[in-house]
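To start, the structure itself, in structure tokens.
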Amino acid sequence: MASIRISRPPSAVLRFVLGMLGLVLITVSMFALTPQAAATTDTEDNPYTISVNVKTGGDGVEGVTVTATGEGTEEFEAVTNKMGLAQIGVPSKDIPWQVTVDEDTLPEDVKAPTGFQFEQEVKFGATSNAVKNFILVTGERHTTSFADQVLSRAVNGLNFGLMLGLAAIGLSLVFGTTGLSNFAHGEMVTFGAIGALLFSTVLNIPIWIAIPLAVVFAAVFGLGMDAGLWRPLRRKGIGTVQLMIVSIGLSLALRYVFQIFIGGGTSMLPGRSSETIPGLGPIKLTMTDAISMGVSIVVILCFAWWFMRTKMGRATRAVADNSSLAAASGIDVDRVVRVVWVLAAALAGLSGVLWAYFRPGIRWDMGTSVLLLMFAAVTLGGLGTAFGALVGSIIVGLLVELSTLWIPSDLKNVGALVVLIVILLFRPQGILGRKERIG
């Protein structure tokens with residue numbers, strides 16, 4: 001009777017994993033030692049954020065000093081940016097805070113109306129963020145027809161769906177080739193955005209070079225994760241349920257490592273344009289949004305060509321369809337899975353960069369906030385089907401944005417999940433999935 005031999009990872013893999021750990025330590029150390037990477041006044045001692053908007057006539061007022069004081073605390077200060085936004089980090093959310101706008105720092109051409117309250121109280125709710133608006137002069141009110149609102153939000157939904165699709169395709173490929181529901185995939189999205197922040201803000205590399213470097217950085221991270229964690233576990237014959245639990249633990253670990261080194265505030269990537277493209281009617285689309293949509297479409301088309309036309313793409317489809325039969329046909333399943341992990345991490349990293357411009361901003365838990373939507377897109381399109389994940393992502397993106405016409409924006413993700421449940425009641429295999437045949 002043949003014995004089953006469980007081999008240990010070769011020394012080359014161990015050296016590679018140690019090198020990856022060293023690279024991660026160097027990365028997070030650079031963030032820890034570089035205070036200018038953060039866009040807020042948050043520190044480890046000030047984990048809560050008060051967002052202050054100073055506007056006049058609908059436009060933000062730049063360069064205004066705002067302060068926050070609480071009972072028994074020191075004074076915390078920030079200065080508004082071009083959009084009139086200042087984010088003040090404070091140490092507690094359990095006390096009321098007095099937010100004050102320094103009148104002397106208002107520009108000469110900006111005047112406050114008589115009786116304007118430069119000091120207002122703000123209280124935190126259930127979240128770690130609170131918002132206070134100081135409107136010096138009310139802007140002219142414009143009404144938008146329902147049809148125009150539908151058109152505008154549909155375009156935003158398409159943009160969001162394409163970004164979501166980049167990450168969901170990788171998640172679906174991993175599931176199709178390994179059977180793993182990777183709950184750490186959201187952290188791969190965050191990792192790509194943090195990589196872009198590292199290269200552009202800390203290393204001062206131009207953003208158009210920093211973004212491709214961040215994608216490569218994310219791909220190397222995916223390769224290291226597979227070589228150091230997932231491949232050894234697969235060789236030991238660990239079941240998919242146990243692997244899923246490992247991915248949950250990995251997600252929590254990575255998430256809080258991100259928080260330790262970049263803080264709990266929001267950091268901005270350079271180069272975002274807030275000016276809308278003229279001549280588009282009711283559609284408010286910035287140049288950054290247009291470039292994001294263009295990049296997403298080009299990358300998806302390149303992936304489709306690779307997936308359908310190349311030898312490795314055909315091998316990936318064969319492994320996703322039946323890994324045992326693919327191995328019997330001479331396909332190197334381990335090599336295919338390794339390529340899938342690299343590709344999934346690269347697509348997730350690019351999605352994170354585009355998501356950082358769409359939100360806008362980078363947070364330590366930004367990937368987690370869209371993880372459930374990624375799973376919804378993959379399930380809706382059909383488990384294990386790459387193009388199904390893309391179709392599901394576009395549908396989810398449109399539902400998320402259009403649902404805000406009828407429900408509060410805080411509940412827009414819930415609306416998409418409700419529609420997912422309804423669709424699966426009538427087509428359990430998803431839109432492009434196939435029915436399983438038993439026997």
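The values are calculated or read from the model by the stated rules, or taken from the named source; none is laboratory data. As the structure is a computational prediction, the values presented were derived from the model and not from experiment. Glycine also receives a Cβ, built like all others from the backbone with ideal geometry; neighbour counts cover every protein chain displayed.
Would the range 213-226 turn up any residue that is at pLDDT 90 or above, out of contact with any strand residue (DSSP E or B) (no Cβ under 6 Å at 6 or more places or on another chain) and within 28 Å of Ala86 (Cβ to Cβ)? Yes, the range 213-226 contains at least one residue that is at pLDDT 90 or above, out of contact with any strand residue (DSSP E or B) (no Cβ under 6 Å at 6 or more places or on another chain) and within 28 Å of Ala86 (Cβ to Cβ).
Okay, residues lined up against (1) out of contact with any helix residue (DSSP H, G or I) (no Cβ under 8 Å at 6 or more places or on another chain); (2) of a type in the set (A, V, I, L, M, F, W, C):
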{"residue": "Arg235", "(1), (2)": "yes, no"}
{"residue": "Gly239", "(1), (2)": "yes, no"}
{"residue": "Gly263", "(1), (2)": "yes, no"}
{"residue": "Ser267", "(1), (2)": "no, no"}
{"residue": "Leu280", "(1), (2)": "yes, yes"}
{"residue": "Lys311", "(1), (2)": "yes, no"}
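Kindly establish whether Val28 is under 29 Å from Gly192 (Cβ atoms), at pLDDT below 90, over 29 Å from the mean Cα position of the chain (by Cα) and assigned to a helix (DSSP H, G or I). Let's see the steps before the verdict.
Working: under 29 Å from Gly192 (Cβ atoms): yes; at pLDDT below 90: yes; over 29 Å from the mean Cα position of the chain (by Cα): no; assigned to a helix (DSSP H, G or I): yes.
No; evaluated as a whole, the condition is false for this residue.
Would you be able to tell me the number of residues in the range 71-86 that are loosely packed, with under 13 Cβ neighbours inside 10 Å and either more than 31 Å from the chain's Cα centre (by Cα) or not in a loop (DSSP other than H, G, I, E, B) (or both)?
Final tally of qualifying residues: 4.
Considering every residue within the range 138-146, establish whether at least one is among the small types (Gly, Ala, Ser) and surrounded by fewer than 19 Cβ atoms within 10 Å (Cβ to Cβ). Yes, the conditions are met somewhere in the range 138-146.
Pull up the range 399-439, narrow it to residues that are under 24 Å from the mean Cα position of the chain (by Cα) and not in a helix (DSSP H, G or I), then point me to the one that is modelled with the lowest pLDDT. Give the derivation first.
Step one: list which residues in the range 399-439 are under 24 Å from the mean Cα position of the chain (by Cα), which gives 399-405, 407-421.
Now narrow it down to the ones that are not in a helix (DSSP H, G or I): 407-408.
Numbers: Ile407: 78, Pro408: 75.
Going through the qualifying residues, I end up with Pro408.
In contact (Cβ under 8 Å) with a residue 24 or more places away in the chain and closer than 20 Å to Ala167 by Cα: which single residue out of Phe307, Phe261 fits that description? After applying the criteria, what remains is Phe307. Of all positions in the range 87-95, at least one carries a residue that is farther than 16 Å from Gly265 by Cβ, of a type in the set (D, E, K, R) and exposed (fewer than 11 other Cβ atoms within 10 Å of the Cβ). Is it the case that some residue within the range 276-288 is buried (at least 19 other Cβ atoms within 10 Å of the Cβ), modelled with pLDDT under 90, closer than 30 Å to Ser51 by Cβ and within 20 Å of the chain's Cα centre (by Cα)? Within the range 276-288, not a single residue is buried (at least 19 other Cβ atoms within 10 Å of the Cβ), modelled with pLDDT under 90, closer than 30 Å to Ser51 by Cβ and within 20 Å of the chain's Cα centre (by Cα).
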